[in-house]
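The values are calculated or read from the model by the stated rules, or taken from the named source; none is laboratory data. Because the structure is a prediction, the values reported are computed rather than measured. No Cβ is skipped: glycine too gets one built from the backbone with ideal geometry, and neighbour counts run over all protein chains shown.
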Amino acid sequence: PGLDVLAKRAGLLYFGTAIDNVVLNNTAYVAIAHNRSEFGQVTPSNGQKWMYTEPQRNVFNYTMADEIVKPAIKALQMRRCHTFLWHNQLPDWLTAKNYTKPELISILENHIKHEARYFYDTCYAWDVVNEAFNDDGTLRESLWLTTIGPSYIELAFKFARKYVSPRTRLYYNDYGIERVNNKSLALQKLVKDYVKRDVPIDGVGLQAHFTIGRAPSYNDTRGALNLFTKLGLETALTELDVRVDLPDSEAKQATQAAVYAASVKACVDEKSCVGVTVWDFWDPVSWVPSTFPGYGNACLWDEKLQRKPAYYAISDMLRDE
Ligand code: G3I
């Protein structure tokens, strides 16, 4: 049995992967990506982001997203959709001009309206807002914060709730919140306030981009997940990968395997945690080497498309649950 089959037996809703459009011409890759035994859930790595879905103002394009989403529907894989609002991968028309606050709010609503309606019931969850916090717990500088102010976050959730299926879970998604720290505590404070005021938020996604030697422990991740369990929210590990400082070695792969297994186990053991998504499963298409020169091999399958020790560590851990 593959990872999703084992994850479901252990009580999770899914074990999933991100998929990027650049690799869709590789049939061996695609066969694994849409193999429901391994992956019961799929996230488009890029195709649903603003620069691709609304490349010109009020002109919408879902080609890239559909290339990932449609085969996932066909393969009966759940979809996590990613993302309505981010500071990154925005189209030029949006970043090159200074819009007023009312203009930007209406641009935001229009964007979410179109994309939410297009995918209406196709997404198990949407990452409504992505990466709004700095590591120190303050809000990240962005055109959203500068022009609209901190309320842009709750506006995005309200717009999403208005236009997407009532069944779709609305998530806040971020990295560096996999331990109890300034960032996760600031997010917990925000979410607590939202729950109190009925701002529609259903879940928190912990991205879980880790590095061997510096990764949060099982207890760290449990503690971080529990910040949101306590508030009655659902949680998920949404972008798990574990990078290695190159050159790789057997010892490093063993450490990586332990980090992967401990992270997945933290989700399995935490009541609110519904599933784990890896941020691609194949080393050659991982985002890591281009962003962190000198690091790589962050995924579960190696360049020869062979399963790595980390794959078997997760598999063995899930069998024991
Ligand atoms: O669109 C061009 C395409 O036309 C060209 O053929 C290709 C050749 O390399 O480049 C394409 O653009 C790249 C795009 O991914 C699509 O593959 C960009 O250069 C590249 O910067 C972009 O990187 C993405 C990154 O977000 C952008 O910040 C990664 O694939 C994607 O995995 C990554 O995902 C983010 C999550 O959304 C949020 N959390 C962090 C995570 C990792 O950075």
*asked:* Just to be sure before I move on: is residue 313 surrounded by 15 or more Cβ atoms within 10 Å (Cβ to Cβ) and more than 21 Å from the chain's Cα centre (by Cα) in the structure I sent?
replied: yes
*asked:* For segment 239-288, which positions are more than 18 Å from residue 125 (Cβ to Cβ), acidic (Asp, Glu) and within 13 Å of the ligand (Cβ to nearest atom)?
replied: 241, 280
*Mind listing whichever residues of segment 289-308 are within 12 Å of the ligand (Cβ to nearest atom) and buried (at least 22 other Cβ atoms within 10 Å of the Cβ)?*
298, 299
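Can you tell me which residue among 199, 288 is more than 22 Å from residue 43 (Cα to Cα) and touching a Phe, Trp or Tyr at 6+ places or on another chain (Cβ under 6 Å)?
Details: 288 fails: more than 22 Å from residue 43 (Cα to Cα).
Checking each option against the conditions leaves just 199.
Does segment 231-241 include one or more residues that are within 25 Å of residue 256 (Cβ to Cβ) and surrounded by fewer than 23 Cβ atoms within 10 Å (Cβ to Cβ)?
To start, the set of residues in segment 231-241 that are within 25 Å of residue 256 (Cβ to Cβ) comprises 235-241.
With the extra rule that they be surrounded by fewer than 23 Cβ atoms within 10 Å (Cβ to Cβ), the set shrinks to none.
Scanning segment 231-241, I find no residue that is within 25 Å of residue 256 (Cβ to Cβ) and surrounded by fewer than 23 Cβ atoms within 10 Å (Cβ to Cβ), so the answer is no.
Using the structure shown, decide if residue 133 is modelled with pLDDT of 95 or more, aromatic (Phe, Trp, Tyr), more than 16 Å from the ligand (Cβ to nearest atom) and in contact with a helix residue (DSSP H, G or I) (Cβ under 8 Å, 6 or more places away or on another chain). Write out each step before concluding.
On the way: modelled with pLDDT of 95 or more: yes; aromatic (Phe, Trp, Tyr): yes; more than 16 Å from the ligand (Cβ to nearest atom): no; in contact with a helix residue (DSSP H, G or I) (Cβ under 8 Å, 6 or more places away or on another chain): yes.
Considered against the rule, which asks whether it is modelled with pLDDT of 95 or more, aromatic (Phe, Trp, Tyr), more than 16 Å from the ligand (Cβ to nearest atom) and in contact with a helix residue (DSSP H, G or I) (Cβ under 8 Å, 6 or more places away or on another chain), residue 133 comes out as no.
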*State whether one or more residues within segment 184-206 are among the aromatic types (Phe, Trp, Tyr) and buried (at least 21 other Cβ atoms within 10 Å of the Cβ).*
no
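Across segment 8-28, what is the total count of residues that are in a helix (DSSP H, G or I), over 13 Å from residue 77 (Cβ atoms) and more than 14 Å from the ligand (Cβ to nearest atom)?
Keep residues of segment 8-28 that are in a helix (DSSP H, G or I), which gives 8-9, 21-23, 27-28.
Now narrow it down to the ones that are over 13 Å from residue 77 (Cβ atoms): 9, 21-23, 27-28.
Now restrict to residues that are more than 14 Å from the ligand (Cβ to nearest atom): 9, 27-28.
Final tally of qualifying residues: 3.
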_Criterion (of a type outside the set (Asp, Glu) and free of Cβ contacts under 8 Å to residues at least 60 places away in the same chain) met by exactly one of 229, 238, 277_ = 229
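Could you check segment 204-250 and list, in sequence order, the residues that are among the small types (Gly, Ala, Ser), assigned to a loop (DSSP other than H, G, I, E, B) and in contact with a strand residue (DSSP E or B) (Cβ under 9 Å, 6 or more places away or on another chain)? Working first, answer last.
If we filter segment 204-250 for residues that are among the small types (Gly, Ala, Ser), which is where we start, we get 205, 208, 213, 215, 217, 223-224, 232, 236, 249.
Those left that are additionally assigned to a loop (DSSP other than H, G, I, E, B): 208, 213, 215, 217, 232, 249.
Residues satisfying the conditions are 208, 213, 215.
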*asked:* For segment 107-127, give me the residue count where each residue is under 21 Å from residue 188 (Cα atoms), in contact (Cβ under 8 Å) with a residue 60 or more places away in the chain and of a type outside the set (D, E, K, R).
replied: 1
*asked:* Give me the residue from segment 31-77 that is assigned to a helix (DSSP H, G or I) and away from the ligand (no atom under 16 Å from the Cβ) and, out of that set, nearest to residue 240 (Cα to Cα).
replied: 32
*Among the numbered conditions (1) surrounded by fewer than 18 Cβ atoms within 10 Å (Cβ to Cβ); (2) more than 27 Å from residue 226 (Cα to Cα), tell me where residue 148 comes up short.*
(1)
*May I ask you to list the residues in segment 100-131 that are within 17 Å of residue 149 (Cβ to Cβ) and surrounded by fewer than 15 Cβ atoms within 10 Å (Cβ to Cβ)?*
100, 101, 102, 103, 106
*Mind listing whichever residues of segment 152-183 are within 16 Å of the ligand (Cβ to nearest atom) and of a type in the set (Gly, Ala, Ser)?*
156, 176
*Picking from 298, 254, which residue would you name as being modelled with pLDDT of 95 or more and outside any loop (DSSP other than H, G, I, E, B)?*
254
